[in-house]
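Let me begin by presenting the structure, written as structure tokens, before commenting on it.
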Amino acid sequence: MSQNFRLPTGGRVNRAKTINFTFDGRRMSGLEGDTLASALLANGEHLAGRSFKYHRPRGILSAGAEEPNALVGVGADEGHYSPNLRATQVELFEGLVAESQNRSPSLRYDWAGVNNLIWRFIPAGFYYKTFMWPRGAWTKFFEPRIRAMAGLGRAPRAPDATTYAQRYAHCDVLVVGAGPAGLAAALAAVQGGQRVILCDEQNELGGSLLSETDAAIDGIPAVRWLSETIAQLRSAGSVQILTRTTAFGYFPHNMLGLVERLTDHLPGAASGPRERLWQVRAKQVVLAAGEIERPLVFPDNDRPGIMLAGAARIYASRYGVKPGQRAVIVTAHDSAYRAALALYQAGVGIAAIADVRANPQGGWVDLARKAGLPVRAGCTITGTSGRLRVTGADLAPLAADGTVGASERVSCDLLLMSGGFTPSVHLFSQSRGKLVYDEALGAFVPGAPAEDCWVAGACRGVSLLSEVLADGFAKGASAARAAGGGPVPARSFATTQAPATGGGFAGALPHGKNPASVRAFVDFQNDSTAKDIKLAISEGLRSIEHIKRYTTTGMATDQGKISNMNALGIATDVLARPIAQIGTTTFRMPYTPTTFGVFAGYARGDLFDTVRRTPVHHWAQAQGAVFEDVSLWKRARYFPLPGEDMHQAVARECRAVRAAAGIFDASTLGKIEVVGPDAAEFLNRMYVNAWSKLKPGRLRYGLLLREDGFILDDGVIGRMSDECFHVTTTTGGAARVLTMMEDYRQTEFPELKVWLTSTTEQWAVIALQGPKAREILAPFVEGADISHAAMPHMSVVECRVAGVPARLFRVSFTGELGFEINVPADYGRAVWEAIFAAGQPAGLVAYGTETMHVLRAEKGYIIVGQETDGTVTPDDAGLSWAIGKAKPDFVGKRALARAGMGEGVQRKQLVGLLTDDPQVVLEEGAQLVADPAQPPPMTMLGHVTSSYWSATLNRSMALALVKNGRARIGETLHVPMPGRVIRVTITGPVFYDAEGIKLDG
Amino acid sequence: MLLITCPFCGPRPELEFGYAGEAHVVRAQDPREVSDLQWTEYLYQRSNVRGVHAERWRHAHGCAQFFNALRDTTTDHFVATYRIGEPRPDAAVEAGR
Ligand SMILES: [Zn+2]
């Protein structure tokens, strides 16, 4: 194709530079400066996509961010593919590959267009209704079919091959939108001595000035004024100009999110990030976001070739494209006359200007009449013809009483409409500023702001160019002053006086037909019609938010930019209440669809989240350890020998610990140093245990509750001296516990002299467990006697291990004789390797977290978060013995005394389970019932919390929380599983060495 | 992202802070003295204000101090921040914002 609809002159395109691209595989060409939409139109292509629900052919409606129809997928390969881009915003570049969406097999022949024939059966609320009835119809019948046919673009099939950047910025004044208002605001803010960021979503600054061919500003043509103003701003040195940058969100405290598109408009493989997220904190914000033209709602208002009047003017004047040969214009607003004149001058035949107003008047109307354009006052449109392109408009006289006369078909290949303009109040509304309905304007405009922000120009309903410029300058000056800048004298802008415009319409045009037989689209992207909105209201929905959700009007990716006001107009007619009373729906970020990639930024792959590694990590890695994630930590799970699976490795590790010795990296345990004259009293108030009488050199198992009486954390605590405790916490609970302790220390017990320091990262912790642990360790210890007599179970001593200062704990989480060697983290690996090597003759093995879990479960030791779930009390877990009963208070004590927490209530208690078949390993989380034959819903008595194969017992075993469990020991319960029921016997929770003899080796 | 003024460090981005629930929820000096109902209210009942809400924040990635704040829950704007132990700023402060 050869751009048959390109005008010989005019526009901001570079006629010397032809750009080749493909659309649905067809090769086409455009010019540098084109968007995909303008290039398609230059080639005579209006058909750009299929609609969401009915698969109706749809054309290019607009020329900007509000485009609901012409959504395309762009990208030469899957790693660079983006769905749902608006063709009106996709800049053309050499080699661009674009495809239409929502069509099958092709845009022109679409099988799902059959939906278009059965549309009477897909009314508003269809989803809600079929979801309710008939039972099962939704999941079995409707959903699979709807998923196949509905929806917009498809997700890329490969990971995103591009990268994204993120940046924070501060400025005095952020100006959003670089049309005439925004430019004037930036000029004023700079004059006030302020640091300014000026952003605009388009590829060049100027906004409406980019298609301004008539006006002059301060005596020079508008386009020259534009380039001079930009040069002035650039040379000021205090303005950061961001083009291709959309302000998508307005967050509290004047923080705005901007997305700067860096490479999507460039041909070939671009280097550097694709987009950059700016998080801008501005002292003052000027919103100059402009306005969006409204379509008119009339029967079959969605055929390709039907376009907003203002968009058609932009295509002619900015891109030098003739959007058709013969146009019919339907309008309720004067600006369409300006569009008609521009197209007429570009050589487009004007078949009719149908104005629904009885007596249109004003400068533009006069100019059109003077040019001989056929104006039909008091005229409406009752329908259109054409399939893949509009071929005619049915125009009919509209009487003052609303009756519609006989219609006349007027042939055309371009049908333009204008229902007036809707100010772009999205960001203002996001900032929680109040919107007020302006009767004269027929639109919502910004009222009282909630943030330090100013609104200028068309987005508050100012339309005349000279007034827009003056308003922008005044708001920029006010913002500069409020940001702390100097006063800026007021400035006026002399413009050649273009006629003022007025008019507007919101709602559905009268058409005189049976309303059941026509489709007049309100929301083009979601295929919702005037009839749908009326149906929603007749079914009892009154709130505009409910109507919106029921009909999905305004819920597509364009967020109702085009549809909101017409939906309101229809609702106000049917409900017979003024728009001001109905109100408008809430605007939410993002203003336009935003990539997930820009939010993820650098946080992908290895950088997705913080990774914590222990000092022994790389040794374990070299040994072939398999790791698991425990909070942010990487922990060695097991150390398989060649040919071993996890089951075999864990069984071998377990046997070695029980028979000889094992070495385990416990460095991830949380550690808190609690120091001060009141350290013991502080721990008395925090933990359930009594600490005052614990002697220096002794350890105690500490249990920490929340104030509601449920277990939060546990860990062994050592008293190093009268005023110093070495507290350990669970791996995942370290930060939570320190925060809670700090909270009580700072806010509830400020009188206590105690200091808390996180030492998790400072200590490497090497657990040495097993009957041979002492003989392996002894040669490394200096300055301490570790014999059983000198150092019994649950004691701690400061000494040197392998020449390194150490806090040596005699403690066991396996049930065997055990030590935990705390050494400064930097020495952790050296000490570990020395002990590991020395222990080899004795049969020492390294074991991981999986073996640790099995060994502790054999002993009935709980793991917080596995045996507990935030509803387990100390008694439930069999840990009442830990509570210091004589203490007046500790966190959680009062709650334990509440009804329902203790005696006389059948709470779930920790027990052991043995399956009848010793080979069967239960699933963790499986439910326990007494009567497996009970019809559902069955009475659940509890659930399995931990379940393993025990090499020590040579059978399976499990821990469980069971209602009244301790009284049920010996009973048989059942675990219903798919296809079978497993019989289990309840036991005590300790499976191995209940007497604790092994703890002493 | 909110901008929060730590009473010790000055204005800092929300990222540095942790939210810590409603302020001025007093733990009884001697919990044994209070009824089950009072303790239940202490544990679970919160005011859930629409408007100016007294709440606690912790400057976790800064001075690590807990402090109190008055924040309007309808706008997310802070009326005041003040140290633990200081009384809630009086109504005049709220009225004068
Ligand atoms: Zn601070």
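The values are calculated or read from the model by the stated rules, or taken from the named source; none is laboratory data. Values in this document were obtained by computation on a predicted structure and should not be read as measured data. Note: ideal-geometry Cβ built from the backbone for every residue, glycine included; neighbour counts use all protein chains shown. Quick note on the areas: whole protein, heavy atoms, side chains included, nothing else; ligands and nucleic acids left out. Shrake-Rupley method; radii C 1.70, N 1.55, O 1.52, S 1.80 Å.
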**Request:** Name the one entry in B:54, B:60, B:80 that is outside any strand (DSSP E or B) and either modelled with pLDDT of 95 or more or more than 28 Å from residue A:708 (Cβ to Cβ) (or both).
**Result:** B:60
**Request:** Scan region A:529-549 for residues that are open to solvent by 40 Å² or more (accessible area, probe 1.4 Å) and in a helix (DSSP H, G or I) and jot them down.
**Result:** A:531, A:534, A:535, A:538, A:545, A:546, A:549
**Message:** Of all residues being away from the ligand (no atom under 16 Å from the Cβ), part of a loop (DSSP other than H, G, I, E, B) and in contact with a His (Cβ under 8 Å, 6 or more places away or on another chain) in region B:63-77, which is farthest from the other protein chains (Cβ to nearest Cβ)? Just the residue, please.
**Reply:** B:73
**Message:** Restricting to region B:41-92, name every residue that is more than 16 Å from residue B:12 (Cβ to Cβ), in contact (Cβ under 8 Å) with a residue 40 or more places away in the chain and among the charged types (D, E, K, R).
**Reply:** B:88
**Asked** Do you know which of the residues in region B:47-62 that are out of contact with any Cys (no Cβ under 6 Å at 6 or more places or on another chain) and open to solvent by less than 40 Å² (accessible area, probe 1.4 Å) is farthest from the ligand (Cβ to nearest atom)?
**Response** B:51
**Message:** Of everything in region A:321-348, what is of a type in the set (Phe, Trp, Tyr) and surrounded by 24 or more Cβ atoms within 10 Å (Cβ to Cβ)? Give them in sequence order.
**Reply:** A:337
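Among A:889, A:875, which is the only one that is closer than 25 Å to residue A:730 by Cα, charged (D, E, K, R) and without any contact (Cβ under 8 Å) to a residue 40 or more places away in the chain?
Numbers: A:889 fails: without any contact (Cβ under 8 Å) to a residue 40 or more places away in the chain.
Sole residue among the options that is closer than 25 Å to residue A:730 by Cα, charged (D, E, K, R) and without any contact (Cβ under 8 Å) to a residue 40 or more places away in the chain: A:875.
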**Item:** Flag if residue A:911 is away from chain B (no Cβ under 14 Å), surrounded by 13 or more Cβ atoms within 10 Å (Cβ to Cβ), out of contact with any Phe, Trp or Tyr (no Cβ under 8 Å at 6 or more places or on another chain) and in a loop (DSSP other than H, G, I, E, B)
**Value:** no
**Request:** State whether one or more residues within region A:808-831 are without any contact (Cβ under 8 Å) to a residue 40 or more places away in the chain, outside any loop (DSSP other than H, G, I, E, B) and closer than 19 Å to residue A:718 by Cα.
**Result:** yes
**Asked** Just checking, which of B:94, B:86 is within 16 Å of the ligand (Cβ to nearest atom), within 16 Å of the chain's Cα centre (by Cα) and at pLDDT below 95?
**Response** B:86
**Request:** Starting from residues that are assigned to a loop (DSSP other than H, G, I, E, B) and polar (S, T, N, Q), keep the ones in region A:371-403 and report whichever is nearest to residue A:337 (Cα to Cα).
**Result:** A:391
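Go through region A:235-257 and give me each residue that's on the phi < 0 side of the Ramachandran plot and either more than 35 Å from the chain's Cα centre (by Cα) or within 14 Å of chain B (Cβ to nearest Cβ) (or both). Give the steps one after another, and end with the answer.
As a first pass, look at region A:235-257 and keep what is on the phi < 0 side of the Ramachandran plot: A:235-236, A:238-243, A:245-252, A:255-257.
Once the filter is applied, which keeps residues that are on the phi < 0 side of the Ramachandran plot and either more than 35 Å from the chain's Cα centre (by Cα) or within 14 Å of chain B (Cβ to nearest Cβ) (or both), region A:235-257 yields A:235, A:236, A:249, A:250, A:251, A:252, A:255, A:256, A:257.
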**Of all residues in region A:687-730 being surrounded by 22 or more Cβ atoms within 10 Å (Cβ to Cβ) and among the polar types (S, T, N, Q), the one that is farthest from the other protein chains (Cβ to nearest Cβ)** = A:728
**Prompt:** Which residue pairs have Cβ atoms under 7 Å apart, sit 6 or more places apart or on different chains, and have a first residue in region B:6-28 that is facing chain A (nearest Cβ under 10 Å) and under 19 Å from residue A:744 (Cα atoms) and a second that is more than 8 Å from the ligand (Cβ to nearest atom) and among the small types (Gly, Ala, Ser)?
**Reply:** B:18/B:60; B:23/B:54
**Item:** Close pairs from region A:964-980: first part of a strand (DSSP E or B), partner of a type in the set (Asp, Glu), Cβ under 9 Å, at least 6 apart
**Value:** A:972/A:916; A:974/A:931; A:975/A:923; A:977/A:923
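Listed here are the residues, each with its yes/no results for (1) within 11 Å of another protein chain (Cβ to nearest Cβ); (2) part of a helix (DSSP H, G or I); (3) touching a residue at least 24 places away in the same chain (Cβ under 8 Å).
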site	(1), (2), (3)
A:740	yes, yes, yes
A:744	yes, yes, yes
A:761	no, no, yes
A:766	no, no, yes
A:775	no, yes, yes
A:778	no, yes, no
**Request:** Specify the residue that is nearest to residue A:531 (Cα to Cα); the eligible residues are those in region A:494-510 that are open to solvent by less than 30 Å² (accessible area, probe 1.4 Å) and in contact with a strand residue (DSSP E or B) (Cβ under 6 Å, 6 or more places away or on another chain).
**Result:** A:508
**Asked** For region A:631-639, does any single residue satisfy the condition of being open to solvent by 70 Å² or more (accessible area, probe 1.4 Å), closer than 30 Å to residue A:445 by Cα, in contact with a helix residue (DSSP H, G or I) (Cβ under 9 Å, 6 or more places away or on another chain) and not assigned by TED's automatic domain parsing to the domain that holds residue A:838?
**Response** no
**Request:** Just give me the residues in region B:1-46 being more than 16 Å from the ligand (Cβ to nearest atom), within 30 Å of residue A:250 (Cα to Cα) and open to solvent by less than 60 Å² (accessible area, probe 1.4 Å), in sequence order.
**Result:** B:1, B:21, B:22, B:23
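Being open to solvent by 50 Å² or more (accessible area, probe 1.4 Å) and within 30 Å of residue A:247 (Cβ to Cβ) narrows it down to one residue among A:643, A:597, A:605, A:601; which is it? Walk me through how you get there before you give the answer.
Working: A:643 fails: within 30 Å of residue A:247 (Cβ to Cβ); A:597 fails: open to solvent by 50 Å² or more (accessible area, probe 1.4 Å); A:601 fails: open to solvent by 50 Å² or more (accessible area, probe 1.4 Å).
One residue alone meets the criteria, A:605.
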**Request:** Scan region A:658-677 and give yes if some residue there is more than 39 Å from the chain's Cα centre (by Cα) and within 23 Å of residue A:893 (Cβ to Cβ), otherwise no.
**Result:** yes
**Asked** Of these, A:516, A:477, A:482, which one is in the same structural domain as residue A:283 (by TED's automatic domain parsing), under 43 Å from the mean Cα position of the chain (by Cα) and surrounded by fewer than 23 Cβ atoms within 10 Å (Cβ to Cβ)?
**Response** A:482
**Request:** Mind listing whichever residues of region A:878-907 are part of a loop (DSSP other than H, G, I, E, B), more than 10 Å from chain B (Cβ to nearest Cβ) and over 12 Å from residue A:709 (Cβ atoms)?
**Result:** A:878, A:879, A:884, A:885, A:886, A:887, A:903, A:904, A:905, A:906
**Request:** Looking only at region A:364-387, count how many residues are more than 47 Å from the chain's Cα centre (by Cα) and open to solvent by 30 Å² or more (accessible area, probe 1.4 Å).
**Result:** 10
